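FYI, it's all coordinate maths here, none of it is from the lab. Everything quoted here is computed from the prediction, not taken from an experiment. Glycine also receives a Cβ, built like all others from the backbone with ideal geometry; neighbour counts cover every protein chain displayed.
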Amino acid sequence: MSTQIILSQADSRPIYAQIMDEISRRVALGDWAPGYRLPSIRELAAELKVSVITVKRAYLELERAGVIVTRQGRGSFVSESMDVDDVRQEELERAMEQAVRLGEAMGLGHDDLAALLEQYTRNDRR
Amino acid sequence: MNAIHCENVTKRYPHFDLKDVDLTLPEGSVMGFVGPNGAGKSTTLRIIMGLVHQDAGRVTVLGHDMPAGQVAAKWNIGFVSEDMRLYGHRTIGFHLDFLRRIYPGWDDGYAAELLSRFELNPDQKVKGLSHGQRVKAALLTVFARKPKLLVFDEPTTGLDPVARKVILEEMMRVMEAEDRSILFSSHNTLDVEQISDHITFINQGSIVASDDKETFLDSWRRLRLVVGDRYRLPDMSGLIEVQRSGHQIVLTLAGYSDALQEKLTASGAAINEVQRLTLEEIFIASVESSRQPPHAAAAGSAPSMEGAAA
Amino acid sequence: MNASTTAVETTPSVVRELVLKDLRIMKIPSICYWLAGIGSIVLALLWGDAAGTIAFILFISAIFGAGVHAAMQTITEERREQNLPFIMSLPITIADYTRAKMLANLLLVGGIWLTLSAASYVIFIGDVMPSGTIPLMTIILVAVLLAYVIILATTMVFQGIAPAITAIVAANLGNQAFIWWIASFHAVRSTVNGTEAVWNATYLTVLGAQIGAIVVLVGLVFYAQSRKTEFL
């Protein structure tokens, strides 16, 4: 089983955070439905060629965030009780945050960003 | 259960001493062993293998005391070092036949799979192989024994990125089993950062730092502060380096926490940026601060700070 | 735990594989030396006295060459070519390594020595040479074996190329000198042309000293190796 998760060395986020984001995105998009069984920590570590401890940390934090649940001896599953909308909301906020940070780096002010957002939402509606 | 446990291991040579090495590798994990050339990595690995006998200290590998229990331990250890060569005038296949006869757990199917994955021809003589092919052939002879513990001395040194990727991939495939462990030395911090659960730094024969990787990467930060004219840095532990120019201070910290951040803010500094460090940066800072104790480093820069403020 | 106990018990099989590996590596050169030895016997048979000296030198050189080649290839080269870490990472101790090397070398060179010696006895004694030469011939053949054991012991204990070469030169010169020296003995000259093999006190003393030296040297190798803590 391959998750097709791709990590980037050029990404400034730590690897565990990249893994968390990749998994959250799959859950948010509905590709990994509630109850979906995740690969074991060691399987995913082998697939991604990253240390077991890093994947373990990603799973732990995802568990803390309520995205997944781990049942002793049975593996980790996408949480059934989780509100997919919540995860989507978080995903959206992350994307917004990234956009704002990028804008700041380019020297764009609040108004510039708002104008851009306006433009994009209009494009979408059409 | 620990795959490897070293306690106060000491070995004296005329021009080099290994001093009080403590090292623990829990079963089921990977340890990256990082240090500059001549730091004592190979000596430590050889002591762990029972190939060199320590002058003092205790070494336990897979539950066996070394070097006394080396035969029992070595049945389950696969060792490859940078200075190890297969027989040049013989083919890869010759070595595989030789090892198949020795190891009851030898996996022929896996050996065949690795030959194709590593793009090696068993009928080729070792002397005709490139450096990368030789390393891959040596590693193959170890992987196919299916040992509980793999000890690799500089497995990826001098290899191209593709060969390195293939080898790291195989090492991680080993880790799918919960009872197998890897200890490998490298000065390629990128490889170590990628696959290690635990990281140990060694310099001039002494262990400088040893911790699990996430803790390592989490506790080290570089902070950029903007401060006023008369600003004095509060006392803090884990301060590795202080660089001040004008109203800017750049701190390198080994013990970063949210509390520390609050302490700095309370002291009147504006925190401009908090950066994570790569393992390479952490390694270099550790080695440099181990040459002079951290307090001396902080004290050394303190007067110049006051001088700048005056 | 069970696996490790059975594993420890199977160490002799690892020693056996190490011996077999060295025999495989030395197979072709050994056959060549053996054929050279046989060739020297044929030479002596065909041309008799005319080629006698050359055949004798070739005969001794074939055994000596096999010994030098085996010791250098299986011990010195293995270290120089950095194969030793590969071998020592196997489930063996230095003592097992020593046992395997000594066994492989003594089996190989001893085998060549024994078959060639036996062949020359059978072919020459009685027919070409008088039986009185048997004791001298035996002593010369054992001297060649002793020279080889000196080389083997030196390479084994000191491992480097320089000590090995020193031992080879010394053993070779010593061997030549010994042959001339022993042949000058009255006790030898008076019996060597007889039709009966006479094992007088001189022969027996020399032979005893030679065999004693071989046993002591082999013992010394194991003793010296057992004291090593630094092997790579």
Candidate set: region B:166-181, residues that are aliphatic (A, V, I, L, M) and at the interface with another protein chain (Cβ under 8 Å from one of its Cβ atoms); chosen: the one farthest from residue B:79 (Cα to Cα)
B:177
Could you figure out which of (1) in a strand (DSSP E or B); (2) more than 12 Å from every other protein chain (Cβ to nearest Cβ) isn't true of residue B:150?
(2)
Output the number of residues of region B:77-92 satisfying the condition of being more than 9 Å from every other protein chain (Cβ to nearest Cβ) and either without any contact (Cβ under 8 Å) to a residue 24 or more places away in the chain or in contact with a Leu (Cβ under 9 Å, 6 or more places away or on another chain) (or both).
1
Among residues of region B:27-52 being among the charged types (D, E, K, R) and not in a loop (DSSP other than H, G, I, E, B), the residue farthest from the other protein chains (Cβ to nearest Cβ) is B:41
Within 14 Å of another protein chain (Cβ to nearest Cβ), part of a helix (DSSP H, G or I), over 16 Å from the mean Cα position of the chain (by Cα) and surrounded by 15 or more Cβ atoms within 10 Å (Cβ to Cβ) - does that describe any residue in region A:105-125?
no
If you take the residues in region B:77-118 that are among the acidic types (Asp, Glu) and out of contact with any Lys or Arg (no Cβ under 8 Å at 6 or more places or on another chain), which one is farthest from residue B:143 (Cα to Cα)?
B:83
With a cut-off of at least 2 residues that are in contact (Cβ under 8 Å) with a residue 60 or more places away in the chain and closer than 20 Å to residue B:139 by Cα, name the strands (runs of 3 or more DSSP E) lying wholly within region B:164-227.
B:181-186
Residue B:231 vs. criteria within 14 Å of chain A (Cβ to nearest Cβ), more than 29 Å from residue B:5 (Cβ to Cβ) and either part of a loop (DSSP other than H, G, I, E, B) or touching a residue at least 12 places away in the same chain (Cβ under 8 Å) (or both):
no
Do any residues in region A:35-60 that are polar (S, T, N, Q) have Cβ atoms under 7 Å from those of residues that are buried (at least 22 other Cβ atoms within 10 Å of the Cβ) and in a strand (DSSP E or B), where the two are at least six apart or on different chains, and which pairs are they?
A:51/B:30
From the list C:79, C:16, exactly one residue is surrounded by fewer than 18 Cβ atoms within 10 Å (Cβ to Cβ) and within 10 Å of chain B (Cβ to nearest Cβ). Which is it?
C:16
For residues that are over 26 Å from the mean Cα position of the chain (by Cα) and of a type in the set (D, E, K, R), tally how many sit in region B:69-116.
7
Is region B:120-132 home to any residue that is free of Cβ contacts under 8 Å to residues at least 40 places away in the same chain and of a type in the set (A, V, I, L, M, F, W, C)?
yes
Residue B:162 fails exactly one of (1) away from chain A (no Cβ under 14 Å); (2) under 21 Å from residue B:122 (Cα atoms); (3) surrounded by fewer than 22 Cβ atoms within 10 Å (Cβ to Cβ), namely (1)
Given (1) within 14 Å of chain B (Cβ to nearest Cβ); (2) closer than 23 Å to residue C:44 by Cα, residue C:127 misses just (1)
Residue check: is residue B:184 away from every other protein chain (no Cβ under 13 Å) and either closer than 24 Å to residue A:13 by Cβ or of a type outside the set (Val, Ile, Thr) (or both)?
no
Taking the residues in region A:60-101 that are β-branched (Val, Ile, Thr) and touching a strand residue (DSSP E or B) at 6+ places or on another chain (Cβ under 9 Å) as candidates, determine which candidate is nearest to residue A:121 (Cα to Cα).
A:67
Out of the residues in region B:53-70 that are surrounded by fewer than 22 Cβ atoms within 10 Å (Cβ to Cβ) and among the aliphatic types (A, V, I, L, M), state the one that is nearest to the other protein chains (Cβ to nearest Cβ).
B:68
Segments classed as helices (runs of 4 or more DSSP H), wholly inside region C:150-232, with at least 1 members that are in contact with a helix residue (DSSP H, G or I) (Cβ under 7 Å, 6 or more places away or on another chain), closer than 20 Å to residue C:75 by Cα and more than 14 Å from chain B (Cβ to nearest Cβ)
C:161-183, C:201-226
Residues in region A:10-35 that are under 30 Å from residue B:221 (Cβ atoms) and in a loop (DSSP other than H, G, I, E, B): how many?
5
Scan region A:36-50 and tell me whether some residue there is under 16 Å from the mean Cα position of the chain (by Cα) and in a helix (DSSP H, G or I).
yes
